[in-house]
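J.: Sharing a structure here in structure tokens format.
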Amino acid sequence: MEQLGAVDATFLYSETESMLNHIASIQRLSLPEDTDIPTFIAEFKALLMTRLHLIPYLTRKLQEAPVQIDHPFWVRDSAFDINQHVVEVALPAPGTFAQFEAKIAELHAEPMNRDRPLWAIKVITGFEDGTIAYYNQVHHACLDGISGQTAIMQMMDTSPTPRQESVPEGFLQQDTSVSFSEALFRSFENLIKYQLDATNRSIGSLESMVRVAQRAADPSKQFGAFAETPARTQFNRTIRKNRSYAAGEYSLSNIKAIGKSLDCKVNDVFMNIVAGGLRRYLERQDALPLKGLIAGCPVSLRQPGDTRLGNQVTMMKVNLATEYADPRIRLLAIRDSANVAKAVTADIAAGVDLAVSLPGLPAVMRATSQLLDSSRAFDTAPVAVNLVISNVPGPRETLYSNGAKVLTHYPVSIPAHGAGVNVTVQSYVDRLYFAITACAEALPDADRLRDDMNAAYIELRDLVIPFNIATLKLKPTVALTQADTGPITKVA
């Protein structure tokens, strides 16, 4: 039995029919030559059954606190059935990349069943090249992006031969459910502990206030995008249930070379690519704001070496400088805005409260979320950020699952009320895999934005990286494109 923290639980409270708070990663796999799909899936299920003890969320389900007085508990699912979590989903013929993207959008718009553990692996079959894919779905209440990579490493292997694991005897039979009286006692204990810790929280809040005041008094320091009000775009609205999805990938070495040439980080370069794509997309509709769009960027609060599951994040704001047409000027502006955002986030980090516990908070937050959802309040509410851009470091080694080689590591993320577009990037070996996950009303054509990002990347690369005909060629891969003339998702 374990009680959820406030940040984890918030992903449950804010969830509505329109705003679903699960995330996913997508692994494209090449099957071993000596197997077929039914055999592979059966063996994969058996393999996962030997690793249930390594990844807590695989066998934990929710149990609410009495009358929602405090945060829910994680308890063991005594009726756990692997067949409810690993299922095959077939693409329609001929199994193109565009059909795959449409299927991901469809799957991601379906709510998760809260009566069992909040994860699923949909094994997608029917690709025209014979590969398969995992739509590896987990509710955000279970983990954040960093801890999600830890779970992936536990689930998979670094060689074609799976390592041997064994679940402790009686693991699934352990009863971790909470009686009414115990849940009530634990909830009151948590509420009282939070109140008694007020002094320590006050010290953290005071430290943040002092650092912010010092920043405000120092003419050499700024607040950057934290002090800016974003212009409203079509992305800033109350979102609806349907999703649009598009994915792509870039050479990590090329992104690093671009960053090195202009003294910028990999994330600065990626944000510039997103900014260039947004500029193209909105210009085409004569809807580009005169001032730069502002991105909300999740920032990890984890200490080095902390691999616990659960969410330990806050959000910083970065100006994407979309008013600049020159990608080099835009990149330098983004770098400077990101540096200020990191400094401001460091100033306020001590005051970030990840353990809020107040009587009746779950019920209040759920009711508020439903009200905001039904009233479409975010259609007119002040804009906090225009979109969310997230960067998650992924595995550096080639991974295998039940002997199948993992070819890709695409993310699938969460569009939110007020910010209906999310662009997330994950690294894997020597590639950057990115995806646009959006409310279909806010961005009906995510593939167009993906193509605009690709054009922005090529423009920046050609301006910065010394001319090399082998480097400048686009390298569409038939297995990763709609057709020979379809959208390019893999760019050198």
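J.: Quick one: is residue 257 outside any helix (DSSP H, G or I), more than 23 Å from residue 384 (Cα to Cα) and hydrophobic (A, V, I, L, M, F, W, C)? Before you say what the answer is, go through the steps one by one.
T.: Details: outside any helix (DSSP H, G or I): no; more than 23 Å from residue 384 (Cα to Cα): yes; hydrophobic (A, V, I, L, M, F, W, C): yes.
So residue 257 does not fit the description; no.
J.: Scan 235, 223 and give me the residue that is modelled with pLDDT of 75 or more, crowded, with 19+ Cβ neighbours inside 10 Å and farther than 21 Å from residue 120 by Cα.
T.: 235
J.: Which residues, taken from the stretch 400-426, are in contact with a helix residue (DSSP H, G or I) (Cβ under 6 Å, 6 or more places away or on another chain) and either open to solvent by 10 Å² or more (accessible area, probe 1.4 Å) or not in a strand (DSSP E or B) (or both)?
T.: 402, 417, 418 - these are the residues of the stretch 400-426 that are in contact with a helix residue (DSSP H, G or I) (Cβ under 6 Å, 6 or more places away or on another chain) and either open to solvent by 10 Å² or more (accessible area, probe 1.4 Å) or not in a strand (DSSP E or B) (or both).
J.: Also: Evaluate the stretch 22-42: report whether one residue or more is in a helix (DSSP H, G or I) and either closer than 29 Å to residue 390 by Cβ or touching a helix residue (DSSP H, G or I) at 6+ places or on another chain (Cβ under 8 Å) (or both).
T.: No, every residue in the stretch 22-42 fails to be in a helix (DSSP H, G or I) and either closer than 29 Å to residue 390 by Cβ or touching a helix residue (DSSP H, G or I) at 6+ places or on another chain (Cβ under 8 Å) (or both).
J.: Does the stretch 62-71 include one or more residues that are open to solvent by 10 Å² or more (accessible area, probe 1.4 Å), within 20 Å of residue 401 (Cα to Cα) and either under 23 Å from the mean Cα position of the chain (by Cα) or free of Cβ contacts under 8 Å to residues at least 40 places away in the same chain (or both)?
T.: no
J.: Follow-up question, since we're still on this one. Inside the stretch 1-21, can you point out the residues that are assigned to a loop (DSSP other than H, G, I, E, B) and of a type in the set (Val, Ile, Thr)? Write out each step before concluding.
T.: Within the stretch 1-21, the first condition is being assigned to a loop (DSSP other than H, G, I, E, B), and the residues that meet it are 1, 4-5, 14-21.
Matches in the stretch 1-21: 16 only.
J.: I need the full set of residues from the stretch 65-113 which are touching a Ser or Thr at 6+ places or on another chain (Cβ under 6 Å), assigned to a loop (DSSP other than H, G, I, E, B) and charged (D, E, K, R), in order please.
T.: 70, 77
J.: Which pairs do you get when a residue that is more than 20 Å from residue 141 (Cβ to Cβ), found in the stretch 75-86, comes within reach of a residue that is in a loop (DSSP other than H, G, I, E, B) and modelled with pLDDT under 90, reach meaning Cβ atoms under 8 angstrom, with the pair 6+ apart or on two chains?
T.: 78/172; 78/173; 78/175; 78/177
J.: Sort out which residues of the stretch 140-184 are acidic (Asp, Glu) and in contact with a Gly (Cβ under 9 Å, 6 or more places away or on another chain), and write them in order of number.
T.: 144, 157
The values are calculated or read from the model by the stated rules, or taken from the named source; none is laboratory data. Since this is a predicted model, take the numbers as computed values, not measurements. Don't worry about glycine lacking a Cβ; one is built from the backbone with ideal geometry, like all the others, and counts go over all protein chains shown. Quick note on the areas: whole protein, heavy atoms, side chains included, nothing else; ligands and nucleic acids left out. Shrake-Rupley method; radii C 1.70, N 1.55, O 1.52, S 1.80 Å.
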